[in-house]
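Laboratory data are not the source of any read-out in this text; all were calculated from the coordinates shown. Predicted model, so just to flag it, every value in this text is computed and none were measured. Here Cβ is always computed from backbone atoms with ideal geometry, including for glycine, and neighbour counts include all displayed protein chains.
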Amino acid sequence: MKINGKKAGGSAENSVKTSGNKDKIKKAGDTPGLSKKAGGSSRVKMLESISRGAKVVKLKSDIEQNAYTVDAGKVAEKMIVKAIRDSIYSKKSNH
């Protein structure tokens, strides 16, 4: 197994020091933290949360002002799709 391009356990230089000077536990340049991918993922989740919050605020406002309307066609379509999906899955689980 390789860690940072080097074999794990290959040399004492790469290992964590536990004796001697306790202030120098880590090798210089080793810093804990999230990878760029992980950091990006948390930013996406935060933006989704903000977006969802904005939708909720608008929805509440529309309901309070009696401006909220339901698209009956979309509701019916989703009900039909869900019924078909449920029917397919229930048939698969019965076999």
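So if each residue of separation counts as 0.36 nm, and I subtract the Cα-Cα distance between LEU59 and TYR89, what length gain in nm does that give? Could the numbers behind the result be given before it?
Details: separation 30, 0.36 × 30 = 10.80 nm, distance 3.30 nm.
Full extension from LEU59 to TYR89 adds 7.5 nm.
Shape class of segment 33-95 from the alpha-carbon gyration tensor: oblate, with a/c at 1.5 or above and b/c at least as large as a/b. Computed FRET efficiency, Cβ-Cβ of LYS82 and SER41, R0 35 Å: what is it to the nearest 0.05? The pair LYS82/SER41 has a calculated efficiency of 0.75.
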